[in-house]
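One structure below.
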Amino acid sequence: MKANPSKQYDDMAELYALKNESSLHNALYERPATKAIMPDIKGKKVFDAGCGTGNLTEWLVAQGADVIACDISDEMVKYTKKRLGDRAQVRVADLGKPLDFIKDNSIDVIVSSLVLHYIRNWLNVFTEFSRILKKNGYVVFSTHHPHADWHWFNKPNYFKKELYSESWIINGKPYPVSFYHRTLASMFAIFRKTGFFVDILLEPLPIKEAKEKDPEIYERLLTNPHFIFFRMIKNPS
Ligand SMILES: C[S@@+](CC[C@H](N)C(=O)[O-])C[C@H]1O[C@@H](n2cnc3c(N)ncnc32)[C@H](O)[C@@H]1O
């Protein structure tokens, strides 16, 4: 079995677009952490890899970045295009394939929020990220914390790379979602092989406002890892 993120996100795009704006996990936990480790992006060329419905894309533009964004889901891209108009270049593209629309050594910062766990082969992805980034360029990305997933799914073997599947209930309707679990060590092996140095590794806590929104989830996130964040530099000199 393989993950099929374009279908998954096409099917739930409308509901996801609404949920993503204000949900605790996105608005009060993931986005604040991603923004906290973002290098200076004013006037920089930024690639939003897996932009979804474009909330972060819009923020990048508002910070003065020159943004290219892509997503594998047609429906998600429609939302980002509608939101951004001509303020960013937005297109459908699969990060698991060559990024032919981006030139070598042309990007200052790549941002990828909660996307890479849908992709099986990270060697291809980080090889492409390395090709398109300028020397000393940054990758900032978040993904599922591997220990959290393994614990939550109650799997017998942490060390096995495998597809985990679940259902997200949105407005009472189930949406099947599958993604790849991999170990932290296997992530670092790819970073090393493709010439990336990890500058910041973040296991964040939710921001205070999350307590009002949902005290139970807030408490869980204060005591359990959930997402993990990396800031990496290409071939630092
Ligand atoms: C959880 S959403 C996050 C969206 C956005 N980055 C955010 O934080 O709001 C995951 C997104 O990754 C996209 N995605 C998954 N696999 C992808 C791939 N191989 N190439 C491009 N986008 C992908 C999905 O279509 C979906 O929009």
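The values are calculated or read from the model by the stated rules, or taken from the named source; none is laboratory data. Source: prediction; values computed, not measured. So basically every Cβ, Gly included, is an ideal-geometry build from the backbone, and we count neighbours across all protein chains shown.
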Among K135, K173, K160, the single one that is at pLDDT 95 or above, surrounded by fewer than 20 Cβ atoms within 10 Å (Cβ to Cβ) and of a type in the set (D, E, K, R) is K160
Report yes if some residue within the stretch 59-71 is of a type in the set (G, A, S), in contact (Cβ under 8 Å) with a residue 24 or more places away in the chain and either within 14 Å of the ligand (Cβ to nearest atom) or in contact with a Pro (Cβ under 9 Å, 6 or more places away or on another chain) (or both); otherwise report no.
no
State which residue pairs qualify: first residue within 19 Å of Y79 (Cβ to Cβ) and basic (K, R) and inside the stretch 21-44, second residue assigned to a helix (DSSP H, G or I) and within 14 Å of the ligand (Cβ to nearest atom) in any location, beta carbons under 9 Å apart, and separation of 6 or more residues or different chains.
R31/N55; R31/L56; R31/W59
Over the stretch 148-157, the set of residues surrounded by 13 or more Cβ atoms within 10 Å (Cβ to Cβ) and farther than 20 Å from P5 by Cα is A148, W150, H151, W152, K155
Cross-chain or 6+ apart pairs with Cβ under 7 Å, the stretch 94-108 first and touching a residue at least 40 places away in the same chain (Cβ under 8 Å), then part of a loop (DSSP other than H, G, I, E, B) and more than 14 Å from the ligand (Cβ to nearest atom)
D108/K44
Looking for whichever is surrounded by fewer than 20 Cβ atoms within 10 Å (Cβ to Cβ) and at pLDDT 95 or above here; the options are E21, E58. Which one fits?
E58
Restricting attention to helices (runs of 4 or more DSSP H) lying wholly within the stretch 116-204, give those where 1 or more residues are touching a residue at least 40 places away in the same chain (Cβ under 8 Å) and under 18 Å from P236 (Cβ atoms).
122-132, 184-193
Exactly one of these conditions fails for F179: (1) over 28 Å from A36 (Cα atoms); (2) at pLDDT 95 or above; (3) aromatic (F, W, Y). Give me its number.
(1)
What are the residues in the stretch 105-148 that are polar (S, T, N, Q) and out of contact with any Gly (no Cβ under 6 Å at 6 or more places or on another chain), if any?
N105, S106, S113, N121, N124, T127, N136, S142, T143
Could you tell me which of the residues F227, F153, F191 is of a type in the set (F, W, Y) and in contact with a Ser or Thr (Cβ under 8 Å, 6 or more places away or on another chain)?
F227
Out of L95, L84, L116, I need the residue that is over 17 Å from the mean Cα position of the chain (by Cα) and closer than 23 Å to R31 by Cβ. Which one?
L84
Based on this model, can you work out whether A49 counts as near the ligand (Cβ under 9 Å from one of its atoms), buried (at least 17 other Cβ atoms within 10 Å of the Cβ) and farther than 21 Å from F141 by Cβ?
no
